[in-house]
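Working notes for the structure below.
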Amino acid sequence: MSHACLIVAGVVGRFDQSSDGKRQITAMHIPGDMCDLHSVVQPVPTSALQALSVATILRVPHAAIRAAAKRYPALAEAFWRDCTVDAAILSEWVVNVGRRDAKTRVAHLICEMAVRLNATAMGNAFVLNWAVTQNQLAEATALTSVHVNRTLQSLKADGLVDWHRHVIRLPDWDALVDRAEFDAAYLQSQPMLEQRIGSRLAN
């Protein structure tokens, strides 16, 4: 492996597969992510990548990344920070799959993606464009697609999530955050929706 992948458009999933063919998505990468930056120092792949939607991906040679990092120390630090954020997200995903019930699990992932994708704010409500299927959401939360569908219907009945194809409406962000037990601090460099809400309400 001689290059890293920079996501320009779309959603790319990292996944592993069990011996019986069951797939577990362990990360979702969005525009701006270099989904395998770690491959610069560990070029042997340990998991697979697959586009979860129509995607545009740039292949950046490892040699170019090393040269840029050597010439610009601040850029090298930014690369390092990016890898630490990936690790923090992965750690949170482990907790999500291992310790949260289905409703909290799905709500938490939706909150995370709303922050990372800069969901459109309308007061305390948000609209999120997220081009994944319910089956892919199931693979990311270790649930069946039927269970995910029921969970989304329950969240809709609670007035928290309205999922229509790739458009997700979040009518009450504060209530959704509470239900998801979501704290965006682990995303570190990502913009915080709470800050954006505060600035909008102040205007």
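Bear in mind that the values in this text are calculations on the coordinates, not laboratory data. Bear in mind the structure is a predicted one, so any value in this text is a computation, not a measurement. A quick note on method: Cβ atoms are made from the backbone with ideal geometry, for glycine too, and the neighbour counts reach across all protein chains shown.
Which FRET efficiency value, to the nearest 0.05, do you get for Thr104 and Arg71 by plugging their Cβ-Cβ distance into 1/(1 + (r/R0)^6) with R0 = 45 Å?
It comes out at approximately 0.50.
If you put +1 on each Lys and Arg Cβ and -1 on each Asp and Glu Cβ, how big is the dipole of segment 3-96 around its Cα centre, in Debye rounded to 20?
300
What nm value, rounded to one decimal, do you get for the distance between Thr133 and Ser145 when each label is placed 7 Å out toward the C-beta?
Those two pseudo-labels are separated by 0.5 nm.
Taking 25 °C and 0.890 mPa s as the conditions, I'd like the Stokes-Einstein D for the chain in µm²/s, using the Kirkwood hydrodynamic radius from alpha carbon pairs.
137
How much length would be gained if the chain were fully extended between Ala63 and Ser91, taking 0.36 nm per residue of separation minus their Cα-Cα distance, in nm to one decimal?
7.2 nm
Given an 8 Å cut-off on Cα distances and at least 6 residues of separation, report the relative contact order of the chain as a percent.
Once normalised by length, the contact order is 20 percent.
Work out, in µm²/s and without decimals, the Stokes-Einstein translational diffusion coefficient of segment 19-90 at 37 °C, 0.692 mPa s, Rh from Kirkwood over C-alpha pairs.
Roughly 235 µm²/s, to the nearest whole number.
Quote to one decimal, in nm, the extra length available between Gln188 and Arg165 on full extension: 0.36 nm per residue of separation minus the C-alpha distance between them.
5.4 nm
Can you list the lysines whose alpha carbon sits under 20 Å from that of Lys156, skipping same-chain ones fewer than 8 residues off?
Lys103
Provide the net charge surrounding Lys103, with neighbours chosen by a C-beta distance below 10 Å and charges set as Lys +1, Arg +1, Asp -1, Glu -1.
Local charge sum for Lys103: +2.
Where does helix 62-71 land angle-wise versus the long Cα axis of the chain, in degrees 0 to 90, nearest 10?
80
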